[in-house]
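For reference, the structure discussed in these notes is given below.
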Amino acid sequence: MKKTARFLALALFAALLPAGAMAQSETYYAGVVQHPATNIPPTSVVARYVLPIVQGGINNFSGLMTRNGVDVMLLSDHGFVVTGRLVRGYGQQIESFQLQQRVPLLNERGTPLTGSLHDSEGLAIDRQGRIYVSFEQHNRVLRYARLGAPAESLGEHVDFSRMRAGQGMEALAVDADGTVYAIPERPARATYGFPSYRLQNGEWTGSFRLPQDGAFLPVGADFGPDGQLYVLERETGARGYRSQVRRFVVRGRAISEPRVVMRSEYGQFANLEGISVFRDWSGRIRMLMVSDDDTNTSRRSEIVDVVVNR
C-alpha cells in the first residue's frame, strides 16, 4: 500500500512539472547555458594540416574564410592577409598549401597598419566580395573593397571605446543580406552573456545577446550555407585549450537556443580562433578552423577541418 501511495505521489509531481522538465535539455540559469554531455556529438575530423611559416616569419592566424574548403583567405593578428589553396588528396586530407598572396592591411590613407593598430582578429566577406576586419586593441571594424585597397571606416558604437584592449572585437560575420555582426571576447560592461553589435544602413546598433556557456569565450563566427550562425568559442585551462562551436538561428535582434555542434577535448587542438563554414560536394556542412600560434616557436598554426554531425 505504501509503494502504491509513493508511486501515485511521484506521478502527481511529474504531472505538475512543465513539459520537458524531466528531460535532459538545455537549461538556462541567469544567462548561463548548460549542455548535458549526451547532447554533444563526437568531433568528426576530416583533416588537420600544419601551415608553413609565411614570408616574414610570422603567422599568428586569427581569421579564416573559404567558400569551398580549398581556396582560403587567412588573417594574421599582425595586420596582414594571406590567400592560398589547400591541396587535397585521398579522403580530403590536406597535403600542402600553395601560397598565392601576402598583403598588408592598410589604413584609410593607404599606408600599412602598424603597432597596436594592426591587431586584426575577425574576418568576413560579403556577397559583393568586400572584406571586413575587426580589431581588438583599438576596437573597430574596417572594410576593404579588395585586398590592397585603403580601409573604409564604418564608424563605431558607443560601447567600442569601453571594451578592454586585447579582449574586444573578436568575432565577425556577415549574413546573406549583408548585415555585419560583431561579437566581443569580453563585454564592455558587466552583464549576462555577450552582447553583439550589427551594422545596418551605416549605423551600429545593439543586437542579440550570446548566452554564456561556462568559461567559454567567443573568438570566431560565420554564417553557414544553411543561414545559421556558427560561433567558435575557446576555454583556457591548466590542461590546455578546449574549443566548441555553437549554432544559432538569428532573426534581427533575436537569437534561438544554442545547439553545440562540436566540443573538443582539452589539448586536442591548439588555440583555434578562426572559423569558416561551407558545404562540400556531398552536401555535408563542414567547418574549417585555424589556430593562432601566438608567435610560439614550439606551436604552429594549424588548419582543422571538421564535419557537422547534427
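The values are calculated or read from the model by the stated rules, or taken from the named source; none is laboratory data. If you're wondering where the values come from, they're calculated on a predicted model, not measured in any experiment. With ideal geometry, Cβ positions are generated from the backbone for all residues, glycine too; neighbour counts draw on all protein chains shown. Each accessible area value is taken on the protein alone, full model and side chains, heavy atoms only, with ligands, DNA and RNA left out. Shrake-Rupley method; radii C 1.70, N 1.55, O 1.52, S 1.80 Å.
List of remarks:
- Qualifying residues in the stretch 226-255 (those that are part of a strand (DSSP E or B) and of a type in the set (G, A, S)) - the one modelled with the highest pLDDT: S243
- Subset of the stretch 199-228 that is open to solvent by 10 Å² or more (accessible area, probe 1.4 Å) and closer than 18 Å to E136 by Cβ - its residue that is farthest from the chain's Cα centre (by Cα): W204
- Restricting attention to the stretch 286-310 and to residues that are among the β-branched types (V, I, T) and outside any strand (DSSP E or B), the residue that is modelled with the highest pLDDT turns out to be V308.
- Filter result for the condition that a residue is in contact (Cβ under 8 Å) with a residue 40 or more places away in the chain, among the hydroxyl-bearing types (S, T, Y) and within 12 Å of S62 (Cα to Cα), over S120, S116: S120
- Residue among S116, S120 that is farther than 20 Å from D280 by Cβ and surrounded by 18 or more Cβ atoms within 10 Å (Cβ to Cβ): S120
- Filtered residue count, the stretch 123-148, keeping only those that are under 20 Å from A221 (Cβ atoms), open to solvent by 50 Å² or more (accessible area, probe 1.4 Å) and free of Cβ contacts under 8 Å to residues at least 24 places away in the same chain: 1
- If the condition is being β-branched (V, I, T), within 15 Å of the chain's Cα centre (by Cα) and under 21 Å from V290 (Cα atoms), then the stretch 229-255 contributes V231, V245.
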